[in-house]
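Working notes, structure below.
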Amino acid sequence: MEPLRILIVEDHPLFRKGLRTLITGVDDFEVAGEASDGEQAVTAALELLPDVVLMDLQLPGQSGINAIREIIAASPTTKVLVVTLFQDDDSVFAALRAGARGYILKDADEAELIRAIRSIAAGESLFSAAVASRVLAYFAQTRPVAPQIFPSLTDRERDILYLLARGKSNTAIATELSLSVKTIANNVSNIFSKLQVADRSEAIVRARDAGFVS
């Protein structure tokens, strides 16, 4: 059986070395390559076509979220497992929206990381316990964002409208979605046009009245 080929994306040399040591110590794992920033991660993923990418989120240059989005857009079958220190909701859900299949914390033990890699490679999703509880709580909330509401909006515009309706500024939305402020502004303008509203206040009222956001 062919070994699982794993790309390590981590900017901290010591932690990257630890991941490499762990992976090389597992018989059916193989280090396909390493990257220390987002741009390198995208290039390496598309050149090496690993089975699993271990992705840190806070990287020099391009963020891990943007790197995930680019990798998945170019290679939808690539499995990305986030390995990070961050467990806040914004980081978790931005990574999932970008296409990550799993999310574990850097304090996970070796057995948990190995199990996560195997699960992701098999097409499953796996989260650290603390992260899993956040994901379950999120989907347990009454958050009616049904596709039939505002069908003219794209998925990206839908995400932006949801955050806008929660009172977030363009800058805050850009940070959460790992997009430029200019991109957010352009999408907000499109939203206003499609909803036939004049400003943010009217858009928020439309979204809330329609049950798009509670």
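With a Förster radius of 30 Å applied to the beta-carbon distance between residue 186 and residue 210, the computed FRET efficiency rounds to 0.85. For the range 3-65, the share of accessible area belonging to carbon and sulfur comes to 53 percent (1.4 Å probe, ligands and nucleic acids excluded). Quick one: plug the Kirkwood hydrodynamic radius of the range 1-54 (C-alpha pairs) into Stokes-Einstein at 37 °C, 0.692 mPa s, and report D in µm²/s. For the chosen part, D equals 297 µm²/s. Counting 0.36 nm for each residue step from residue 172 to residue 30 and taking away their Cα separation leaves a gain of 47.2 nm.
Hydrodynamic radius of the chain by the Kirkwood approach over all distinct alpha-carbon pairs: 18.4 Å. In this simple spin-label approximation, residue 201 and residue 73 carry label points 7 Å from Cα along the Cα→Cβ vector, and these lie 3.6 nm apart. Can you work out the PRE-style zone for residue 132? Point 7 Å along Cα to Cβ, and I want the residues of the range 27-41 with backbone N under 16 Å. Label zone hits: none. Cross-link partners for residue 182 among the lysines, with Cα-Cα distance under 29 Å and sequence neighbours closer than 8 places in the same chain left out: 168, 194. Direction-averaged projected area, Cα convex hull, the range 23-122: 5.9 nm², rounded to one decimal.
Rounded to the nearest 500, the helix-only mean residue ellipticity at 222 nm of the chain stands at -16000 deg cm²/dmol, with each DSSP H run of n ≥ 4 adding -39,500 (n - 2.57).
Need the C-alpha centroid separation for the range 166-214 versus the range 26-77, integer Å. Answer, in whole Å: 31.
The values are calculated or read from the model by the stated rules, or taken from the named source; none is laboratory data. Owing to the predicted nature of the structure, the values given are computational and were not obtained by experimental measurement. Don't worry about glycine lacking a Cβ; one is built from the backbone with ideal geometry, like all the others, and counts go over all protein chains shown. Ligands, DNA and RNA are excluded from the accessible area calculation, which covers all protein heavy atoms including side chains. Shrake-Rupley method; radii C 1.70, N 1.55, O 1.52, S 1.80 Å.
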